[in-house]
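Asker: Take a look at this one; I'll ask things after.
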Amino acid sequence: MSDSIEFKSVTELYKRVEPALYSKVKELKGLGFKYISEKDIWNYLVTYNWKDKKDLQLSDLISDILYCDNNKVNEYVMSQINRTKINDDEEIL
């Protein structure tokens, strides 16, 4: 009997880890990072922590969410905001 949990889609996986994402956002808001959302944390981890990893366990994902570096998540979000602003400015020209 296999103990592995398999997900049919990324959306299903996201919903499964959403409580951990919510908890991390709550922690970040308490530290003054009021603009960071669950999706921001997810996108940061997908981009930097999980990009080249295979066979991650659900417990690994939850641990990564809860213990990811707050400042690195903030830097990621700020870079995304700046990238969006630059793209918006270019469209205006």
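The values are calculated or read from the model by the stated rules, or taken from the named source; none is laboratory data. Given the structure is predicted, the values throughout are model-derived calculations rather than measurements. Virtual Cβ from ideal backbone geometry, glycine too; neighbours counted across all protein chains shown.
Asker: Between 27, 12, which is on the phi < 0 side of the Ramachandran plot, in a helix (DSSP H, G or I), of a type in the set (D, E, K, R) and at pLDDT below 95?
Answerer: Result: 12 is the single residue among 27, 12 that is on the phi < 0 side of the Ramachandran plot, in a helix (DSSP H, G or I), of a type in the set (D, E, K, R) and at pLDDT below 95.
Asker: Output yes when any residue across the range 25-40 is under 18 Å from residue 10 (Cβ atoms) and touching a residue at least 40 places away in the same chain (Cβ under 8 Å), and no when none is.
Answerer: Scanning the range 25-40 turns up at least one residue that is under 18 Å from residue 10 (Cβ atoms) and touching a residue at least 40 places away in the same chain (Cβ under 8 Å).
Asker: Suppose we filter the range 41-55 for residues that are closer than 11 Å to residue 77 by Cα and either of a type in the set (Ser, Thr, Tyr) or loosely packed, with under 11 Cβ neighbours inside 10 Å (or both); how many remain?
Answerer: 1
Asker: Just give me the residues in the range 36-73 being of a type in the set (A, V, I, L, M) and outside any loop (DSSP other than H, G, I, E, B), in sequence order.
Answerer: The answer is 41, 45, 46, 58, 61, 62, 65, 66, 73.
Asker: Can you tell me which residues in the range 18-64 are within 21 Å of residue 81 (Cα to Cα) and among the aliphatic types (A, V, I, L, M)?
Answerer: If the condition is that a residue be within 21 Å of residue 81 (Cα to Cα) and among the aliphatic types (A, V, I, L, M), then 21, 25, 28, 31, 36, 41, 45, 46 are the ones that fit.
Each row is one residue, and each column tells you yes or no for (1) closer than 13 Å to residue 76 by Cβ; (2) surrounded by 18 or more Cβ atoms within 10 Å (Cβ to Cβ); (3) of a type outside the set (Ser, Thr, Tyr).
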{"position": "23", "(1), (2), (3)": "no, no, no"}
{"position": "27", "(1), (2), (3)": "no, no, yes"}
{"position": "39", "(1), (2), (3)": "yes, no, yes"}
{"position": "57", "(1), (2), (3)": "no, no, yes"}
